[in-house]
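Have a look at the structure below, then the notes.
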Amino acid sequence: MCRHLAFVGEPESLGALLVSPPHSLFRQSWAPRRQRYGTVNADGFGVGWYADGDPVPARYRRAGPIWADQSFADLARVVRSAAVLAAVRDATEAGADGEAAAAPFGSGPWLFSHNGAVSGWPGTLARVATALPPADLLSLEARCDSALVWALVLERLRRGDAMAQALADVTVEVAGAAPGSRLNLLLTDGETIAATAWGDTLWYRADPGRSTVVASEPCDEDPRWREVPDRTLLAAGRTDILLTPLKEPTA
């Protein structure tokens, strides 16, 4: 239902990360190789990146396909960053909220993306949503499943949970409320990356001490790419990768 990618490491241009590789995220918008659900990711895209000395990332999001945006092509050529999160979107419900529904979602230092879909949306998450403060529900960026999942993650981050723990808890909670959901979540604070593999593909490529890329699928033929097993939590920085099995939700 989407493809996404996060990077932390030595500064790279957006073009080198997202456009130039032979199977780049740009190309995955119309020709993904490992996408299990949907075939074209043309319902919007977004890129978030961090500038030196500023903990709050910039975001560039659009409702249309990434290949049709000439402004992004120029932006990608010149913008460099040591941390990036980007996504191309295949909407669960066509036309839902346009640009506002395109990842990455953001707040403070965090950027977030959801690759997948919540089964039975929105009814299956009605009970789960009641745990959020009313102000959070009223200020959702979009009326889509990904925006609510982000709100659930953000509420945990704000109360002090670590990124990986917040993703793990939300994944298991949503999967329990909406069985059959696909919940590949991706989160960064500009220094580290947390992600879940739950129902769709997830890969990572590590160059220890220099960079880590986590993505829905490999963007090139580099032999260092490794697939993350399904039902797994990933926590990564520039120097190490930690994979932890996720428990199935209890009945």
Out of region 180-218, which residues are part of a loop (DSSP other than H, G, I, E, B), more than 19 Å from ALA166 (Cβ to Cβ) and among the hydroxyl-bearing types (Ser, Thr, Tyr)?
-> THR201, SER216
Considering only region 216-240, state which residues are out of contact with any His (no Cβ under 7 Å at 6 or more places or on another chain) and not charged (D, E, K, R).
-> PRO223, TRP225, VAL228, PRO229, THR232, LEU233, LEU234, ALA235, ALA236, GLY237, THR239
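Taking region 212-237 on its own, how many of its residues are at negative phi and surrounded by fewer than 19 Cβ atoms within 10 Å (Cβ to Cβ)?
First, the residues of region 212-237 that are at negative phi: 212-230, 232-237.
Remaining after also requiring surrounded by fewer than 19 Cβ atoms within 10 Å (Cβ to Cβ): 220-227, 229-230, 232, 237.
Number of matching residues: 12.
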Can you find a residue in region 38-49 that is surrounded by fewer than 24 Cβ atoms within 10 Å (Cβ to Cβ) and touching a residue at least 60 places away in the same chain (Cβ under 8 Å)?
-> no
Selection count, region 238-251, where residues are crowded, with 17+ Cβ neighbours inside 10 Å, farther than 17 Å from ALA175 by Cβ and modelled with pLDDT of 95 or more = 1
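Looking at SER181, is it farther than 21 Å from SER29 by Cα, touching a residue at least 12 places away in the same chain (Cβ under 8 Å), touching a Ser or Thr at 6+ places or on another chain (Cβ under 7 Å) and of a type in the set (S, T, N, Q)?
Details: farther than 21 Å from SER29 by Cα: yes; touching a residue at least 12 places away in the same chain (Cβ under 8 Å): yes; touching a Ser or Thr at 6+ places or on another chain (Cβ under 7 Å): yes; of a type in the set (S, T, N, Q): yes.
Yes: the conditions hold for SER181.
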Return the only residue of ARG27, ARG59 being outside any loop (DSSP other than H, G, I, E, B) and either within 14 Å of the chain's Cα centre (by Cα) or at positive phi (or both).
-> ARG59
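Please give the helices (runs of 4 or more DSSP H) falling wholly within region 84-170 in which 1 or more residues are touching a strand residue (DSSP E or B) at 6+ places or on another chain (Cβ under 7 Å) and either at pLDDT below 95 or not small (Gly, Ala, Ser) (or both). Steps first, answer last, please.
Working: elements: 126-129, 134-138, 145-158.
So the answer is 145-158.
Right, ARG36: of a type in the set (Lys, Arg) and in a loop (DSSP other than H, G, I, E, B) or not?
On the way: of a type in the set (Lys, Arg): yes; in a loop (DSSP other than H, G, I, E, B): yes.
Considered against the rule, which asks whether it is of a type in the set (Lys, Arg) and in a loop (DSSP other than H, G, I, E, B), ARG36 comes out as yes.
The values are calculated or read from the model by the stated rules, or taken from the named source; none is laboratory data. Note that this is a predicted model, so its numbers are computed, not measured. Backbone-built Cβ (ideal geometry, glycine too); neighbour counts: all protein chains shown.
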